[in-house]
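Here the structure comes first, spelled out in structure tokens, and everything after it is commentary.
Only the coordinates and a few stated rules stand behind these numbers; no lab work does. Small disclaimer: the values here were computed from a predicted structure and weren't measured. Reconstructed Cβ throughout: ideal geometry from the backbone, glycine too, with neighbour counts over all protein chains shown.
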Amino acid sequence: MNQPQTIIDKLWSAHEILRREDGNSLLWVDRHYVHEGSFHAFGKLAARGVKVAEPGLTFGVADHYVPTRGSRQNIANPELARMVRQVEENTAQHGVKLFGLDDPRQGIVHVVGPEQGLTLPGLLIVCGDSHTSTHGALGAYAFGIGASEVAHVLMTQTIWQKKPKRLRVTVDGKAAPGISGKDIVLAIIAYIGADGATGCAVEFAGSAIQALSIEGRLTLCNMSIEAGARCGMVAPDQTTFAYLKGRPYVPNGTEFDKAVEVWSKLTTDSGAQFDQDVTLDANAIAPIVTWGTSPEDALPIDASVPDPAREANEDRAKYLRGALEYMGIAPGKKLTDIAVDRVFIGSCTNSRIEDLRAAAAVLAGRTSKVPGLVSAGSTLIKQQAEQEGLDRIFRDAGLEWGESGCSMCVGINGDLVAPGERCASTTNRNFRGRQGPGARTHLMSPAMVAAAAVAGHLADVRPLLAGRKV
Amino acid sequence: MDKFTKITGVACPINQANLNTDQILPARYLKWTRAQGIGKVLFQDLRFDAEGNEKPDFPINKPEWRNAKIVVGARNFGCGSSREAAVYALYDYGVRVVIAPSYGDIFSGNAVQNGLVTAIVADEEAAEIMGALSRTPNLPVTVDLEEQTIVCGNGTYQFTIDPVRRMRLLNGWDDIALTESYRDRIAAFKAEDRAARPWAIPRSGA
């Protein structure tokens, strides 16, 4: 009789080449995604004069530095052009497939992987980007790595890891209409803290998670890193298999059926033990926004920001004062009284077709009181949205409809929030200066960003959905 | 990679929980190579205002802490983006050790790859060390990796660090060489795995 195992144990042991006495394991990597930022690692290969070990398992994208406006074939900014050219040259030199700017499949790495069917259940996936945890939504073991590790994977297709602790986050119940994967994950992070899952691999389980679409699960797993998790995952199920079937890189025909048989077993056995368990009630989750400078600074939209004067712990009070000062918000202010200057819909967190539909459902026939940018997660999603007429809704509302890339989430392509400006954003980090020096970021779901756009201030989306199909 | 055994030097307290890698190295410097001087822009937006003037209140700008070899921080130090350049920035500025109650996983993994020690102490101990440094800013601090001790004034603290990381730092090991020594095991795994999990190979012709 085998010990009951968690999904984390199953994925781990399937990739463990060896475990040393010191507890370090060498793991096999099934997919390695690279982007413009991987230049440090390619430089290390060049310095050693070695080639990529498994170019067929390595895929590149251009996403971090690509412009969302203007020509993408003749990039005006020479520094951005150089970054894009660099990933083109590095991948070409090593025979690595690149979804570059001349490819209609281009997009954000964590959107393209699942969309193309490169990301599959049971795979171990790494990428030099912390939001690689996204891919766990399909039942993969996926985590972000640094440049030295990227170089190591390029050279050996393996990575050294110590087995993390196993944390299960169970969200049971039924989320109310208008509540998305984003609200659920922000609720989780607010509850366990920005380091609540540090050192852990996380399985998200429970009826509210199972009820999520793949898009919702991708959002959820994407932000597991914002709770400090090594990786986050959802066990593959019928929703997963239906999503995968027919995608370009997914096995087809009888190979698909055989794979589904294997993937169906990648669930936590009953009675399997986790190192830690956390439970949340989905019925209690309201639309959530962040007010401060860490994703854990998240509250339901009907709440008020904290008042440091009422905080007994001096360190905490100091943190609150600093965060409120940076954000330019008076202590105790109602969240719905906070006016916004700009909105952004995009990023690896919330730029998929369902996200765009959710925002468009709110914006249809309405006008945004503030300027804003919508950047689809991939060029294919952009095309699909245009076929569905979503681009018209955004444009008619007064928002800009841009090309696909990481864009205003991290701002390194030049899409910046101005100093002191306040942005309602579907992204993943409200860190100081994340969207540009002095930028003030409030994280929320696409529907909530649309609500903020319509209201001109942070707002509850639910009344705006009355009588609308969502 | 240089070996690390023991260091005595200036220690700068930065009492800020969740100090993320965007703050350690703002994203606009990510396109820089290390040779361009990434150490100069460590904590850029915390150290300088929009006009480029130094913010005198930021600890590492204070004359007594300017030459810090050790940074003492609060919980979840280095959370956020996986950018290894955040470690380059600290190291190239001259920092060799960070002392904090906890770290972002990716950050501490990147640190060991570059010879930067991430020493873990309890919350209260980090607060105590930061308190001692605030009272006596020029108090030298000694970090001994072999003994896993921090000496700060009259206080001696035991710190923890993953034993594998400790060995690598002490020996200046590079893990590529270690991995190469398992080349046969990797090849055997790959052959077996290809047969067992044919679906794991991306479908060709896509």
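One table, with the values for the structure above:
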item: Mean ellipticity per residue at 222 nm, deg cm²/dmol - from DSSP H runs of n ≥ 4 across the protein assembly as shown, formula -39500 (n - 2.57); result: -9000 deg cm²/dmol
item: Share antiparallel - DSSP beta bridges, chain A, percent rounded to 5; result: 25 percent
item: Percentage relative contact order, chain A, counting C-alpha pairs under 8 Å, at least six apart; result: 17 percent
item: Debye, to nearest 20: dipole size of region A:49-182, +1 on Lys, Arg Cβ, -1 on Asp, Glu Cβ; result: 520 debye
item: Spread of Cα-to-Cα distances over 10 Å intervals beginning at zero, given as percent, for region A:289-460; result: 11, 41, 32, 12, 3, 0
item: Paired Rg and Dmax values of region A:152-240, which use every Cα atom, in angstrom; result: 14.1, 48
item: Convex hull (Cα only) mean projected area of region B:3-73, reported in nm² to one decimal; result: 6.0 nm²
item: Most to least packed among A:90-102, A:23-35 [average Cβ atoms within 10 Å]; result: A:23-35, A:90-102
item: Counted charge near residue A:151, where neighbours are those whose Cβ lies closer than 12 Å (Asp, Glu -1; Lys, Arg +1); result: -2
item: Most to least packed among B:36-42, A:283-289 [average Cβ atoms within 10 Å]; result: A:283-289, B:36-42
item: Average other protein chain Cβ within 10 Å of Cβ, residues B:105-116; result: 5
item: Members of A:163/A:245; A:10/A:162; A:51/B:190; A:97/A:182 lying beyond 20 Å, as alpha-carbon distances in this model show; result: A:163/A:245; A:97/A:182
item: Exposure proxy ranking, count of Cβ atoms within 10 Å, fewest first, for A:124, A:220, A:80; result: A:80, A:124, A:220
item: Cα long-axis angle, helix B:183-196 against chain B (0 to 90 degrees, to the nearest 10); result: 60 degrees
item: Ranked A:179, A:7, criterion: other C-beta atoms within 10 Å, fewest first; result: A:179, A:7
item: Cα centre as origin, Lys/Arg/Asp/Glu Cβ charges: region A:289-460 dipole, Debye; result: 180 debye
item: Principal axis box of region A:7-276, alpha-carbon based, largest edge first, Å; result: 53, 50, 44
item: Shielding by partners - mean other protein chain Cβ count within 10 Å, residues of A:192-198; result: 5
item: Number of partner chain Cβ atoms within 10 Å, mean per residue of B:173-180; result: 4
item: Zone of residue B:138's modelled label, taken as backbone nitrogen in region B:1-23 under 16 Å from a point 7 Å along Cα→Cβ; result: B:9-12
item: Distance from region B:147-175 to region A:108-135 (C-alpha centre basis), Å; result: 35 Å
item: Total formal charge among the other residues, if their Cβ is under 9 angstrom from that of residue A:411, Lys/Arg +1 and Asp/Glu -1; result: +1
item: Inter-site label distance for residue B:53 and residue B:183 at 7 Å from Cα along Cβ, in nm; result: 6.0 nm
item: Relative contact order computed over region A:289-460 (Cα-Cα under 8 Å; 6+ residues apart), in percent; result: 29 percent
item: Peptide ranges B:12-21, A:421-430 listed from the most packed, as the mean C-beta count within 10 angstrom indicates; result: A:421-430, B:12-21
item: Largest-first principal axis extents, alpha carbons of chain B, Å; result: 64, 43, 29
item: Among beta bridges that DSSP assigns inside region B:6-171, antiparallel share in %, nearest 5; result: 50 percent
item: Within straight-line cross-link reach of residue A:165, aspartates and glutamates at Cα separation under 15 Å, skipping those fewer than 8 residues along the same chain; result: A:9, A:195, A:203, A:275, A:277, B:105, B:162
item: Cα-based equivalent ellipsoid of the protein assembly as shown: semi-axis lengths in Å, sorted from largest, via gyration tensor; result: 35, 32, 25
